[in-house]
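The values are calculated or read from the model by the stated rules, or taken from the named source; none is laboratory data. Please read all numbers here as calculations on a predicted model, not as lab measurements. In this analysis, Cβ positions are derived from the backbone assuming ideal geometry, glycine residues included, and neighbour counts consider all displayed protein chains.
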Amino acid sequence: MGVNYVPEPFRIKMVETIKMLSREEREQKIAEAKYNTFNLKGEDVYIDLLTDSGTNAMSQEQWAGVMRGDEAYAGASSYYKLIETAQEIFGYKYIQPVHQGRAAEKVLFGLLMGEGQYSISNMHFDTTRAHVELAGARAIDCVVPEASNPAKRVPFKGNMDVEKLEALINEHGADKIAVVIMTVTNNSAGGQPVSIQNVRETAKICKKYGIRFCIDAARYAENAYFVKQREEGYADKSIKEIVKEMFSYADMFTMSAKKDTIVNMGGLVGIKEDEKLYQACKGRTISFEGFVTYGGLSGRDLESLAIGLHEGLDENYLRYRIGQMEYLAGRLDDAGIAYQSPVGGHGVFVDAKAMFPHIPYYEFPGQALAIELYKEAGIRTCDIGSFMLGNNPDTGKQLKANFEFTRLAIPRRVYTQSHIDVMANALIAIKEKANKVKGYKITWEPPILRHFQAHLAPVEK
Ligand SMILES: *Cc1c(COP(=O)(O)O)cnc(C)c1O
């Protein structure tokens, strides 16, 4: 039987009314959006689970920080507050704010890699893969094989396959591997955590071959919470201690602060001690983002980000946060709906391949379920599967993803238990008529990051 709901460690002070459309209206809206949930208007969505990125509810302290933000062009006090906070939490010498995670990738990756080189990751997030390719290099995913079996419950399904990593380094030559990136939690594998032991072993291999080791740190706090729950020897450590240890093994990090630091916009580059690299980063930040001390953000953003860095590490908050995922997953267990299990940190990744065995990967089962969820209950989600993966950049052929997920990404501190019940009830209703759901074909697509913009149409057979 299901899991108990962990009560919220906060109360509501401000509310936002949401529009409720009829099923007929929703069917019309999704057709007008060319069956791409990214093309829907936010106001036409009842429960928005498109992403947990930048959709978080800030605290009263963060909103107070917005008012205190120092908008000086250079040397704002909010900048120094952010830098000192981040240096203290991560133990890195150099911190560069940027406007979001992909900006951190753009600033850093152009300095790390070029033509003929590779980036190896436990899994590249889509923008991470795009920036590797834009820098002229190629991205190789190297996650443990359990990650592609949604039914297999292992504690650290986001881990790097360290044996394969070493084999890949030997196959291509260490000088061709520009960087090894550890994504925590492993977003594309379903928000699955990475163990500290795995980070340590990966770092050891990087050191052995003289390869730089970077953490893609979007969900470092959720990852640390899982380490505390699941990894031997960490139960009595604080989240802060676990975070510090994890970052101590890497040379640098890129971070989308729109996730675990509970703000609406922001990102960071962290460099442990390489001063030359930091100087080069500053140059690229000025060209792409803005002056070093604001990096594409307002002073008020820097201020609320500094506060969010601490709030995101609060254990009562993390227990409630992960508890929401576990509650939803428990309801799906009761209904026999498959998902990437055990449930990850920032959402439930429903196994659309299991729900629609009649829809092949090139007709995008994950996208089909996303469309059904919107029609059924006004819930907006997205595909994490072959539709998102896109085409081989060299041949232009559709790639086949290891899994076909529909991601219900849960924004932080935004939705309540009854919203979570709406999600579970909608999935149960769709499962009952699953054999009637059709696949989709692409009618237009841009060359890169196509899932954000592509147009689709139902396949009529
Ligand atoms: C969100 C995310 C990014 C990109 O960050 P943006 O802030 O969306 O630009 C990179 N890597 C991972 C793992 C992410 O989840």
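Points worth noting:
- Condition check for A104: within 20 Å of F288 (Cα to Cα) and either away from the ligand (no atom under 15 Å from the Cβ) or of a type in the set (K, R) (or both): no
- All positions within the stretch 253-284 that are out of contact with any Leu (no Cβ under 6 Å at 6 or more places or on another chain), more than 27 Å from I322 (Cα to Cα) and not in a helix (DSSP H, G or I): K272, E273, D274
- Taken as a whole, the stretch 197-204 holds no residue that is more than 12 Å from the ligand (Cβ to nearest atom) and assigned to a loop (DSSP other than H, G, I, E, B).
- Residues in the stretch 218-236 that are of a type in the set (S, T, Y) and farther than 11 Å from V184 by Cα were compared, and the one that is farthest from the ligand (Cβ to nearest atom) is Y234.
- Of the residues in the stretch 169-187, at least one is within 16 Å of the ligand (Cβ to nearest atom), crowded, with 22+ Cβ neighbours inside 10 Å, outside the structural domain of M325 (by TED's automatic domain parsing) and over 30 Å from M325 (Cα atoms).
- Counted as qualifying within the stretch 342-402 are the helices (runs of 4 or more DSSP H) with 1 or more residues that are of a type in the set (V, I, T) and crowded, with 18+ Cβ neighbours inside 10 Å, namely 365-377.
Results for (1) touching a Phe, Trp or Tyr at 6+ places or on another chain (Cβ under 6 Å); (2) surrounded by fewer than 21 Cβ atoms within 10 Å (Cβ to Cβ), shown as yes or no for each residue.
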residue	(1), (2)
Y209	no, yes
A221	no, no
A224	no, no
D236	no, yes
M246	no, no
A250	yes, no
F253	no, no
A257	no, no
V263	no, no
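- Filtered by the rule that a residue be within 16 Å of G366 (Cα to Cα) and either modelled with pLDDT of 95 or more or of a type in the set (S, T, N, Q) (or both), the stretch 434-452 gives A434, N435, K436, V437, K438, G439, Y440, K441, I442.
- Those residues of the stretch 30-57 which are more than 17 Å from T406 (Cα to Cα) and within 16 Å of the ligand (Cβ to nearest atom), in sequence order: G54, T55, N56
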